[in-house]
Amino acid sequence: MSSPTADVSVRIAWADDARGIAEVQVAAWRTAYAGLLPAEELAGFDPISFAAGWHASLTRPKDARNRVLVALERNRIVGFAIVSPAADPDCDPVADGEVSDFTVLPEEQRKGHGSRLQQAVIDTLVADRFARAVTWVNATDDVLRTFFVEAGWGADQAHRELDLYGDGSVTVKQVRLHTALDG
């Protein structure tokens, strides 16, 4: 007798997924930026206003290779990733794909969603004929960095500092990771 399996999957996002993606983003940002941004600002993040931006980007991507993938448990979005041609000046947008966001709800981590999502990201980038993938990870996010490193990604010595407000008052240091996709 076989035991029941979880109803989990990853697929390309649809415009109707905008609200679910926004809810995951807001929940994840409230965790990731706690201590960096004021609590009242984090509490003010509104999934409905974020969803409008997601809906627009899902219905009118700038490039056919700009895709959002969603990790699902049944019909509930528990994570998402964004893939596109790499935008860094030292990358080749024909050969290098970028994972510009990789988010799984904090309470849904360590359940296999991230691994499924990462495999779908790799499969999508390979299908788009990219030879290498890059992603930026907050330097203090040991969990996400370790997750990628254990999957075969490595630091490529590039780093940057994001200015969250544009005035230098709140910055986030990031490191770039990369992996070969061509075999």
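Remark on Ala86: its backbone amide H falls under 5 Å from those of Asp96, Gly97, Glu98, a criterion applied only to residues 5 or more positions apart or on other chains, H modelled at 1.01 Å from N. Entry note, the chain: the mean residue ellipticity at 222 nm calculated from DSSP H runs of n ≥ 4, each adding -39500 (n - 2.57), is -9500 deg cm²/dmol after division by the residues and rounding to the nearest 500. Taking every C-alpha pair closer than 8 Å and separated by at least 6 residues, the mean separation divided by the residue count of the stretch 8-180 gives a relative contact order of 20 percent. 3J(HN,Hα) along the stretch 97-105: x, 10, 9, 8, 8, 9, 9, 10, 3 Hz, from the Karplus curve 6.51 cos²θ - 1.76 cosθ + 1.60 with θ = phi - 60°, whole Hz, x for Gly and Pro.
Phi-derived couplings, Karplus 6.51 cos²θ - 1.76 cosθ + 1.60 at θ = phi - 60°, listed residue by residue for the stretch 72-89: 10, 10, 6, 10, 9, 6, 10, x, 7, 9, 10, 10, 6, x, 5, 9, 5, x Hz, with x used for Gly and Pro.
How much of the DSSP beta bridge set in the chain is antiparallel, as a percent to the nearest 5? In the chain, DSSP labels about 85 percent of beta bridges as antiparallel. For the stretch 8-180, the square roots of the Cα gyration tensor eigenvalues, ordered a ≥ b ≥ c, give a/c below 1.5, which places it in the rounded category. Protection proxy ranking of 158-167, 82-91, 142-151, by the mean of other Cβ atoms within 10 Å over each peptide's residues and highest first, is 82-91, 142-151, 158-167.
We did not get these values from a lab; they are worked out from the coordinates using the rules stated. Quantities reported herein were computed from a predicted structural model and do not represent experimental measurements. Positions of Cβ are backbone-derived with ideal geometry, glycine not excepted, and every protein chain shown enters the neighbour counts.
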